Amino acid sequence: MHHHAQLNESISQLVTDMFYRLLSIVRTQRSSPGWQSWSSTRSITSAAEAHSVTLPSQAQVVICGGGIMGTSVAYHLSKMGWKDIILLEQGRLAAGSSRFCAGIVSTARHLTIEQKMADYSNKLYYQLEQETGIQTGYIRTGSISLAQTQDRLISLKRINSRLNVIGIPSEIISPKKVAELHPLLNVHDLVGAMHVPEDAVVSSADVALALANAASQNGIQIYDRTTVLHVMVKKGQVTGVETDKGQIECQYFVNCAGQWAYELGLSNEEPVSIPVHACEHFYLLTRPLETPLQSNTPTIVDADGRIYIRNWQGGILSGGFEKNPKPIFTEGKNQLEIQNLQEDWDHFEPLLSSLLRRMPELETLEIMKLVNCPETFTPDMRCIMGESPIVQGYFVLAGMNSAGLSFGGGAGKYLAEWMVHGYPSENVWPLDLKRFGALQSSRTFLRHRVMEVMPLMYDLKVPRWDFQTGRQLRTSPLYDRLDAQGARWMEKHGFERPKYFVPPDKDLLPLEQSKTFYKPDWFDIVESEVKCCKEAVCVIDMSSFTKFEITSTGDQALGILQYLFSNDLDVPVGHIVHTGMLNEGGGYENDCSIARLNKRSFFMISPTDQQVHCWAWLKKYMPKDSNLLLEDVSWKYTALNLIGPRAVDVLSELSYAPMTPDHFPTLFCKEMSVGYANGIRVMSVTHTGEPGFMLYIPIEYALHVYNEVMSVGQKYGIRNAGYYALRSLRIEKFFAFWGQDLNTLTTPLECGGESRVKLDKGMDFIGRDALLQQKQNGVYKRLTMFILDDHDTDLDLWPWWGEPIYRNGQYVGKTTSSAYSYTLERHVCLGFVHNFSEDSGEEQVVTADFINRGEYEIDIAGNRFQAKAKLYPVPSLFTHKRRKDDSELSDLHGGK
């Protein structure tokens, strides 16, 4: 390819332009869609005129950011009847990342919530031109995702089976069919592909302008060239916004500031942590081909080649996600960096050669320019939305990981619902800002993590995969001891947790080679850990659990907990209660165990990733009462889980106290000394349905107690175990976990948690009315356990999560988690079964009879396997005697 002579008009000029050209919102209609925004004429308001604007002194909502996110939120709020809204933009509308975005709308995503957002966006953009009269350049081109390896094809098949069941047409096609759909592609190295015919391309800047136009028709006021300096907060509540043109009082603030969202969040008096970081992102534009590409040429995603390719005005637009990304703006908005955003041909070279391998005919084509446009990434490749845990009324929508256009419509809709109704219509927990804490806001962490995240956009993602950067942040005091004994680690909410322990004589494959959708290399290791839990005793470090203490001077603590939790907490001191913390709809905001330490004090144990969310929920409902104290004690205790029939022997030998069931009943808690250490909270619960005890050890005694347990336990065959063994044990016992199986839209009646709800405990609790109504009307989905029949563990693809479930050949739901049960020697999946009417598709009541009468299949990457459905756990798995209520789908939050 020869470079164009005029390549000197460098990109830095463009980008400086992007930020500083004073172009008004009012735009002249223009006939040709696409990237004409670089040259299109718009009527320009003079600078003097711009400065004379006076902002309104108050509004209900102020939105910061006039890109696709901000305009989408404004559009959807106005559709839902909120009109008293001001949208502020520091430059001009649609001039940031939205202006330079590649314009591809793609629904081929891994997460169902992301597929739904993209599908909604696609349908919205399709009708936007008709609604607003503004041309958006929308063309339904379809997209083709290429697979150069069998593993990539499996990944596509998994996505394909999920797209089909939610009504998005897509199919797996042969390389030959790819060549028919896109004749210029070289297909000789492909093993297959996935075709999604309704995907589209559109000019993102024009979409943003159309959304803004529709919003302002609905009465929303838009001001560009207005900078938000900071958000004003009083008593943990948004009160207004300080701009460079004066103050605006408001009740709600929405941060849609894209790559500046992090800085804007930190600028408040009470900083809001929004973990995003920008990287440079490159794509090239060519002149039209000799026979210009047709406008409906499909978009190509060649993930193994790390590139995407789309038609652009008869030529090509192609970019990608390189292995060695360039993070930018680590130290904030830096004028020099903005001006230095230049073409970097050396950096783009690997992507360019990948493009030429895929489309050899481009050799002779003239390149117009290489565009460098920063994109914002998050620590886990999922976008960020929702309300701040510390400032009420402060909402965020940012961090799109270069899928802003695909998600813009759907994300704006969910956030608007969240603001208007208090919750969105779908489970958005995977995207909720509260999945992060302040610990993810270190700039060093973010810079290192996005350098890993950006290449991962196109890397092959296999199940149970862990990030390599930003690790060893929160660790148990036993970390080095366990590491030396062969622990392999996973990370949850920044906390290192053992997956399993590799015996000294065993070598596992290196990370890159161990990626698989089939039987993993840790299978035998986890088997021996599970066996040890069943026959002897294992110890699992579960320090990552979220642990809160609620204490009061009188009975205030009991009163507020009775209102917040569905089970009855007025139990004798020393008893442990499994209970849900429900929302108004009866859905699980959290699922936890609470021990009553004394008359006025409670110890609450929740899943690891609940730390921020649960704290915010409790704070929201707790009265501002000096007699009531809520304390996060997660860091004060190391938690050891002793699982297995010999756990009782180890403990009684270490404490010289009888630990048998008549002295220490199930679901009981008492402070004891273990070894030389005092004040250890021992609980007869293991989160697995196996016998044993949890020890909550004050952190300075952790090493002592662990050493004692290991040395006394030696004669009972004790060994370390990890979370994979725990998962296998809990899934075969049909224990559901919050965040995997249960979410804010799941109620206790839908997952066999009736025994955890006391509708008649003599006082009202949040969600009670919804549950009473559900009890009367019946449930519309039911958590079911599936045992795979004709599945060969050694040879067949494994189920992981998200596999479609079929009943009598009809789609009824998806799996939520799965594990191999070493006891049943079968795979077990948990998942929700719905009852969709065959005529109307309406949901109908799901009864036990409906579930028991069906024939089931689980679809794993397009292959269906027969499965037996069960509403209760297999009795033979519970060998020892237990109280009835405990063996009901006990312990919902388990080792999450």
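Worth pointing out:
- Kirkwood radius, region 279-403, all distinct C-alpha pairs, inverse of mean reciprocal distance: 16.5 Å.
- Kirkwood-Stokes translational diffusion coefficient of region 46-188, alpha-carbon pairs, 10 °C, 1.306 mPa s, µm²/s: 85
- Each of T226, L285, F329 was placed along the dipole of region 219-329 (beta-carbon charges, centred on the mean Cα), and the one lying farthest toward the positive end is L285.
- Sorted on the mean count of surrounding Cβ atoms within 10 Å across their residues, most packed first, peptides 68-78, 461-471, 568-578 read 68-78, 568-578, 461-471.
- 23 Å tail of the calculated P(r), region 502-593, as % of Cα pairs: 56
- Accessible area in square angstrom per residue, region 66-147, 1.4 angstrom probe: 28
- Computing FRET efficiency as 1/(1 + (r/R0)^6) for K79 and K333, where r is the C-beta to C-beta distance and R0 is 35 Å, gives about 0.60.
- Label-point separation in nm, D507 to F523, each point 7 Å along Cα→Cβ: 2.1
- Spin-label model, T660/T149: points 7 Å from Cα along the beta carbon direction are separated by 5.8 nm.
- The largest accessible area among E361, E280 belongs to the first residue in E361, E280, and the rest follow in falling order (1.4 Å probe, all chains).
- Antiparallel DSSP beta bridges within the chain, as percent of all bridges there, nearest 5: 85
- Of K79/K413; K814/K868; K461/K519; K116/K519; K434/K619, those spanning more than 21 Å from alpha-carbon to alpha-carbon: K116/K519
- Distance from region 63-106 to region 360-415 (C-alpha centre basis), Å: 13
- Assuming charge only on the beta carbon of Lys and Arg (+1) and of Asp and Glu (-1), the dipole of the chain about its Cα centre is about 840 debye to the nearest 20.
- Centre separation in Å (Cα based) which lies between region 657-691 and region 244-319: 54
- In a reduced charge model with +1 at each Lys and Arg Cβ and -1 at each Asp and Glu Cβ, region 71-222 shows a dipole moment near 260 debye about its Cα centre.
- Computed E for V845/S711 - FRET, C-beta separation, R0 51 angstrom, nearest 0.05: 0.35
- Those lysines that a straight Cα-Cα span of less than 23 Å connects to K715, excepting residues fewer than 8 apart in one chain: K531, K534
- Rg to Rh, two decimals, where the chain supplies the alpha carbon set and Rh follows Kirkwood: 0.98
- Rolling a 1.4 Å probe over the heavy atoms of the protein chains gives region 338-424 an accessible area of 30 Å² per residue.
- In the complete set of protein chains, residue-level accessible area for Y701 is approximately 80 Å², probe 1.4 angstrom.
- When Rg and the Kirkwood Rh are both derived from Cα coordinates, the Rg/Rh ratio for region 593-653 amounts to 1.08.
- Surface/4 estimate of mean projected area, convex hull on alpha-carbon atoms of region 421-481, nm²: 6.9
- Listed by chain and number, the lysines placed with their C-alpha closer than 20 angstrom to that of K177 are K157; residues fewer than eight positions away on the same chain are left out.
- Estimated 222 nm signal from helices in the chain, with DSSP H stretches of n ≥ 4 weighted -39500 (n - 2.57), rounded to 500: -8000 deg cm²/dmol
- In the chain, taking the dipole from charged Cβ atoms about the Cα centre, the farthest positive-side position among P389, T579, L431 is held by T579.
- With 10 Å bins from 0: P(r) over region 213-316, alpha-carbon pairs, percent: 12, 27, 20, 20, 18, 4, 0
- Positive end of the dipole of the chain (Cβ unit charges, origin at the Cα centre): among S121, L651, F253, the Cα lying farthest that way belongs to L651.
- Shape metrics for region 126-217, restricted to C-alpha atoms - Rg then Dmax, Å: 16.9, 52
- Separation between Cα centres of region 502-580 and region 202-227, rounded to whole Å: 48
- Distance between the modelled labels on D555 and E363, one decimal in nanometres: 8.7 nm (7 Å Cα→Cβ projection).
- Straight-distance candidates among the aspartates and glutamates for linking to K323, with alpha-carbon spacing under 13 Å and chain neighbours fewer than 8 residues away dropped: E280, D304, E349, E452, D459.
- Principal axis extents of the Cα atoms in region 675-797, from largest to smallest and rounded to whole angstrom, are 56, 51, 20.
- Restriction of the trypsin sites (Lys or Arg not before Pro) in region 171-251 to DSSP coil positions whose beta-carbon has at most 11 other beta-carbons within 10 angstrom yields K235.
- Accessible surface of the chain, 1.4 Å probe, proportion on carbon and sulfur as whole %: 49
- Chymotrypsin sites (Phe, Trp or Tyr not before Pro) lying in DSSP loop within region 614-673, provided at most 16 other Cβ fall within 10 Å: Y656
- For region 186-196, 3J(HN,Hα) computed residue by residue from phi via the Karplus equation (6.51, -1.76, 1.60; θ = phi - 60°) reads 7, 10, 5, 9, 8, 10, x, 6, 10, 10, 10 Hz, glycine and proline entered as x.
The values are calculated or read from the model by the stated rules, or taken from the named source; none is laboratory data. Because the structure is a prediction, the values reported are computed rather than measured. Every residue, glycine as well, gets a Cβ built from its backbone with ideal geometry; the counts of neighbours run over all protein chains shown. Please note that ligands, DNA and RNA were not included when accessible areas were found on the heavy atoms of the full protein model with its side chains. Shrake-Rupley method; radii C 1.70, N 1.55, O 1.52, S 1.80 Å.
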